[in-house]
Amino acid sequence: MAGASYFIWKGADCRAKGVLLQSPLPIVRGEERVEHVTIPGRSGDLTLSQGERIFNSYIQTASIAVKGRQRVAEIMDWLTGAGELISSAEPNRKQQARVIGAVTLRRHSKNLDWWEGECQFYCQPLKQAITEEKITMTAAGTVINRGDVIARPLFKLTASGGPILLQISHSSGGSTSTEALEVPTDCYIDSETGIITDLTKTNVLNNQSFGDFPVLLPGDNNYLSGTGWSSIEITKRERWL
């Protein structure tokens, strides 16, 4: 049915599986991760943040219906493990998730061969674009992060000769901060895992590198510069709440 709500799990659309989503999955922003500390002799409590814009995982519950007893085992086998979840509420986003708890399907009535139940997805709070954006830069310039939180990209650096110095400057609130990382040669810099490798991805170069792993703040205040490189391919890894 046109316009019907759906979800895609591990690359398979529930509609193609014959699964009816009885109500759309909501758009959820995870709870910010904070710690509440009670101070003796003081009203209320002290709220401590565990980091800038750090959010908890959360549960999405899908109410589903399947027609035909013969489909029940197939659907239960599909709704297992970990994978990527996409919902019709945000069709251009995907997030990492895992099926948790029991998946139980109950017969709707004696006369109708419909089986109804629920499936719970334990979702990581940050959503990704369906296809990660890649850009290539051959000169210093601005890099835009369209996401809601800090992005930790994958950089592929091509040297113009000698060691490479990669710098990213951030301007916010009238002040500017700069991250600088020096690497010995052509390499991949993975700011998410904190690993630097050569272009074969077999040799780790961390012990030959110095500085901070570059990140992209939300918005267009990320200015990339440096020396010793001729081109930089950036897989931006933008993330949304």
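Within region 196-217, how many residues turn out to be among the β-branched types (Val, Ile, Thr), over 24 Å from the mean Cα position of the chain (by Cα) and modelled with pLDDT of 95 or more?
The qualifying residues number 1.
How many residues does region 30-53 hold that are in contact with a strand residue (DSSP E or B) (Cβ under 7 Å, 6 or more places away or on another chain) and either within 17 Å of Lys94 (Cβ to Cβ) or not hydroxyl-bearing (Ser, Thr, Tyr) (or both)?
13
Six or more apart or on different chains, Cβ under 7 Å: which pairs go from a residue in region 163-184 that's without any contact (Cβ under 8 Å) to a residue 60 or more places away in the chain to one that's assigned to a loop (DSSP other than H, G, I, E, B) and loosely packed, with under 15 Cβ neighbours inside 10 Å? Could you list them?
Glu179/Asp212; Ala180/Asp212; Leu181/Asp212
Taking Thr200 as the residue in question, decide whether it is β-branched (Val, Ile, Thr) and either in contact with a Leu (Cβ under 6 Å, 6 or more places away or on another chain) or assigned to a loop (DSSP other than H, G, I, E, B) (or both).
Numbers: β-branched (Val, Ile, Thr): yes; either in contact with a Leu (Cβ under 6 Å, 6 or more places away or on another chain) or assigned to a loop (DSSP other than H, G, I, E, B) (or both): yes.
Against the criterion (β-branched (Val, Ile, Thr) and either in contact with a Leu (Cβ under 6 Å, 6 or more places away or on another chain) or assigned to a loop (DSSP other than H, G, I, E, B) (or both)), Thr200 qualifies.
Within region 1-14, take every residue that is at pLDDT below 95 and not aliphatic (A, V, I, L, M) and give me the one that is farthest from Leu126 (Cα to Cα).
Among those that are at pLDDT below 95 and not aliphatic (A, V, I, L, M), it is Gly3.
Would it be correct to say that Ser169 is in contact with a Phe, Trp or Tyr (Cβ under 7 Å, 6 or more places away or on another chain) and outside the structural domain of Arg93 (by TED's automatic domain parsing)?
Against the criterion (in contact with a Phe, Trp or Tyr (Cβ under 7 Å, 6 or more places away or on another chain) and outside the structural domain of Arg93 (by TED's automatic domain parsing)), Ser169 qualifies.
Any residue at all in region 198-219 that's free of Cβ contacts under 8 Å to residues at least 24 places away in the same chain and charged (D, E, K, R)?
yes
Go through region 221-241 and report how many residues are part of a strand (DSSP E or B) and on the phi > 0 side of the Ramachandran plot.
Counting residues in region 221-241 that are part of a strand (DSSP E or B) and on the phi > 0 side of the Ramachandran plot gives 1.
Residues to consider are Asp190, Asp148; find the one that is without any contact (Cβ under 8 Å) to a residue 40 or more places away in the chain, among the charged types (D, E, K, R) and buried (at least 16 other Cβ atoms within 10 Å of the Cβ).
On the way: Asp148 fails: without any contact (Cβ under 8 Å) to a residue 40 or more places away in the chain.
Sole residue among the options that is without any contact (Cβ under 8 Å) to a residue 40 or more places away in the chain, among the charged types (D, E, K, R) and buried (at least 16 other Cβ atoms within 10 Å of the Cβ): Asp190.
For Ser175, indicate whether it is in contact with a strand residue (DSSP E or B) (Cβ under 8 Å, 6 or more places away or on another chain) and among the small types (Gly, Ala, Ser). Quick ask: steps written out before the conclusion?
Values: in contact with a strand residue (DSSP E or B) (Cβ under 8 Å, 6 or more places away or on another chain): no; among the small types (Gly, Ala, Ser): yes.
When the stated conditions are applied, Ser175 does not pass them.
From the list Asn221, Asn203, pick out the single residue that is closer than 15 Å to Gly141 by Cα, in the same structural domain as Gly147 (by TED's automatic domain parsing) and in contact with a strand residue (DSSP E or B) (Cβ under 9 Å, 6 or more places away or on another chain).
From the options Asn221, Asn203, the qualifying one is Asn221.
Where the second residue is part of a loop (DSSP other than H, G, I, E, B) and among the polar types (S, T, N, Q) and the first is under 12 Å from Thr61 (Cα atoms) and lies in region 84-101, which pairs have Cβ atoms under 6 Å and are six or more apart or on separate chains?
Val99/Thr80
Has region 60-78 got any residue that is surrounded by 12 or more Cβ atoms within 10 Å (Cβ to Cβ) and of a type in the set (Ser, Thr, Tyr)?
The answer is yes; a qualifying residue exists.
Just to be sure before I move on: is Gly41 farther than 26 Å from Leu126 by Cβ and of a type outside the set (Lys, Arg) in the structure I sent?
Spelling it out, Gly41 is indeed farther than 26 Å from Leu126 by Cβ and of a type outside the set (Lys, Arg).
Among the residues of region 159-185 satisfying the criterion of being over 25 Å from the mean Cα position of the chain (by Cα) and crowded, with 16+ Cβ neighbours inside 10 Å, which is nearest to Ile232 (Cα to Cα)?
Ala159
The values are calculated or read from the model by the stated rules, or taken from the named source; none is laboratory data. Remember, predicted model here, so these are calculated numbers, not experimental data. Quick reminder, even Gly has a Cβ in these numbers, built from the backbone with ideal geometry, and neighbours come from all protein chains shown.
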